[in-house]
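The values are calculated or read from the model by the stated rules, or taken from the named source; none is laboratory data. The shown structure was predicted, so the numbers you read here are calculated from the model rather than taken from an experiment. Glycine gets a Cβ as well: all are built from the backbone with ideal geometry, and neighbour counts include every protein chain shown. Quick note on the areas: whole protein, heavy atoms, side chains included, nothing else; ligands and nucleic acids left out. Shrake-Rupley method; radii C 1.70, N 1.55, O 1.52, S 1.80 Å.
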Amino acid sequence: MSRTARVALGSVAAAVAGLVVALIVGGAAFPRIIPGIPVAGPLTRWGLPLSKLGMDAAAVATVGLLLVAALLLPSDKGMLGKSALGYVKAASWTALSWAGFAFLLMLFQLSDLYTDSVANVVLKNYIPSYATQVGNGIALTLVILFGVAIALFSRGAITAGAAAGLLVLGLVALLPPALTGHASSSPNHDLATAGLSLHLTGLALWVGGLVVLVVHAVRKAPQLEQAAARFSRAALWFYVVVGASGLLSVVARLTAVSDLWTSSYGVLIVAKTVGFVLLGYIGWYHRQRTLVSLEAGKPRAFTRLAAGEALLMFATVGLAVALSRTPPPVVSLPADRAFELLGFAMPPPMTLSTLASMWWFDLFFAAIAAALAILYGAAVHRLLKRGDKWPWGRTVSWFAGVAVLVIATQSGVARYAKVMFSVHMVEHMTLSMIVPIFLVLGAPVTLALRALKPAARRGDRGPREWLTTILHSRAVKVIAHPAIATAIFIASTYALYFTPLFAGAMEEHLGHIAMTLHFLLSGSLFFWVIIGVDPSPHKLPYVGRLLLLFVTMPFHAFFGIALMMMGTVLAADWYEQLGRTWGGPLLADQSNGGAIAWGFGEIPTLIVLLAIAVQWYRDEDRTARREDRRADRNPGGDTELNRYNDYLARLNKADKADKGE
């Protein structure tokens, strides 16, 4: 048996052992059977968690293979090397296994749901309705579709860009199951689902990347030193993401600290935490010792320790699967429909005081705001440290945008935006027309290109090269075209509110995140075209920018007028279920939201006009100074002034000739 096969079998054995022990400790392995109540039987009881483990292991392997191929192994001018190509081809098989285990899990879930055998579930044709109408079934259907798509497209991927795209698709495929189950039923389901999504994403990158690196080392494949060094730098961030998101997920599920030792769910969390701490220590030891040995040409120390770390990681994955089969402690919730929908009680009547005091922690956008602030600050610090300058105005603009983003998504505005359409419209307009203006004026891409170092190996792709590739990609050229960016900015607003999309986005946490993120991204794209400092594929003249601004803003006014004139309530089912008793009728509040949309456009229009005027003035000033320097260097040269003087001289000479002088 090859060493690679032994590593794979050892990882599988560790995961199964962790799963079995955790199921026994948690009580899910041998549940109490009450006479007279039907049960699915031992096949389903064990098949369900084992198929879930297989699905998770295949997902981790797929993500790890694509991560190593796309980002960790050096490429040659964007083309994958021999080892990377092999890993992408292997990802097609693991992705197919991912889809297969997801289908098995669907069968066992149906068997558990109907307390019937798997054979009867298939014969009674329960699958179509479950796969298309039930949340858990829809999630697994999406996993199957994504897995098959990755398997098909991996067969023809030969570039690092294609492998990176498949990696993104794989990370997206991790999310649907995370948004169902215990997380979605948690009292604070917004925090629980967002935390679990980040947790799974970080864990898949961390575990998958390390396992494939171990395989790479066991095979004695080339470029191990570069791949290990890159993974070591990224592993710290994976560790932080996994730890922080796991902690927040626990906070969202447990009712008290005592649940950690008084409930089976808490005991498994403690065991998982111990494994997590051990993995952190091993990672630190890697950076201090084994990477040094690897650079010195002694790979055996790295291989042994990394293989042990991989086994511990898969045992932890087994614990996580068992944790998903163990019900969390029972929480006594108020009989309040608003609490069930929102994750918090209906707030009191809105005042300036409640807007300023009733903050609501949204993990997803808090993470985005933190990342934007930390990365920008680190880049500015790197420039200043090496003696370069960076305009303070851009820094102030960027952090002002981040601050407004935090206020819009974390303060009382975010809480009231879910229960009042008028406040939702304030949040919408702020995220799409205020925050993006400050962010694009911060010139983040220009800062990144100056702060990031080129790849050490010529032809390889580091972060700077990836950023440059994305900027010059065909997709960016298309969406950054002024006509396309404007159409997205305008049409998406009408498409959202005048179709059932808005009701769906308000009712589902994932839909609400997608809607809010779209506001931010579409606004950033539009204002990047108009006032962006960063390089763009299509540079508009300043007159064209003014024209585009004045053509676009009236559409938002028309949108506001349309809302004010509507006789029906948007997302009526959502707002009626909340049972808000203050703030006036729903239709009146919607009309107020339309008035806000109608009048809000004046604020960003004024800011953009000032920005265009300043940029235009500075551009003309730079052009004039450049021409002056050219004239000073070459007084008799062919400058604009000399050409104009020659033109006047020729006119004067022709005039004299006509007069016979």
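Observations on the structure shown:
- Residues that are at pLDDT below 65, surrounded by fewer than 24 Cβ atoms within 10 Å (Cβ to Cβ) and not in a loop (DSSP other than H, G, I, E, B) do not occur anywhere in segment 35-43.
- Test: residue in segment 519-529 that is in contact (Cβ under 8 Å) with a residue 60 or more places away in the chain and part of a loop (DSSP other than H, G, I, E, B): no
- Residue in segment 220-238 that is nearest to the chain's Cα centre (by Cα), counting only those that are open to solvent by 20 Å² or more (accessible area, probe 1.4 Å) and closer than 12 Å to LEU73 by Cα: ARG230
- Helices (runs of 4 or more DSSP H) enclosed by segment 392-509 - at least 3 residues per element that are open to solvent by 20 Å² or more (accessible area, probe 1.4 Å): 392-410, 444-451, 463-471, 474-479, 482-497, 501-507
- Here GLY100 passes the criteria (1) part of a helix (DSSP H, G or I); (2) on the phi > 0 side of the Ramachandran plot; (3) not hydrophobic (A, V, I, L, M, F, W, C) except the one numbered (2).
- The residue that is farthest from the chain's Cα centre (by Cα), counting only those in segment 531-570 that are among the β-branched types (Val, Ile, Thr) and open to solvent by less than 40 Å² (accessible area, probe 1.4 Å), is THR552.
- Flag for ALA217 being in a helix (DSSP H, G or I) and under 25 Å from the mean Cα position of the chain (by Cα): no
- Check on LEU383, open to solvent by less than 10 Å² (accessible area, probe 1.4 Å) and at pLDDT 95 or above: no
- Checked against (1) of a type in the set (Val, Ile, Thr); (2) open to solvent by less than 50 Å² (accessible area, probe 1.4 Å); (3) more than 30 Å from GLY161 (Cα to Cα), THR132 passes all but a single condition, namely (2).
- When the criteria are applied in full, SER357 meets the requirement of being polar (S, T, N, Q), open to solvent by 30 Å² or more (accessible area, probe 1.4 Å) and free of Cβ contacts under 8 Å to residues at least 60 places away in the same chain.
- You will find that of GLY181, GLY137, GLY100, GLY170, the residue that is among the small types (Gly, Ala, Ser), modelled with pLDDT of 85 or more and open to solvent by 20 Å² or more (accessible area, probe 1.4 Å) is GLY100 and no other.
Yes/no matrix, rows are residues, columns are (1) closer than 30 Å to ALA475 by Cα; (2) aliphatic (A, V, I, L, M):
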residue: HIS556; (1), (2): yes, no
residue: ILE561; (1), (2): no, yes
residue: THR568; (1), (2): no, no
residue: GLY593; (1), (2): no, no
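- Test: residue in segment 142-149 that is under 11 Å from MET106 (Cβ atoms), within 25 Å of the chain's Cα centre (by Cα) and open to solvent by less than 70 Å² (accessible area, probe 1.4 Å): yes
- For segment 560-586, a residue qualifies if it is of a type outside the set (Lys, Arg) and assigned to a loop (DSSP other than H, G, I, E, B), and the qualifying residues are MET566, GLY567, THR568, VAL569, LEU570, ALA571, GLY579, THR581, TRP582, GLY583, GLY584, PRO585.
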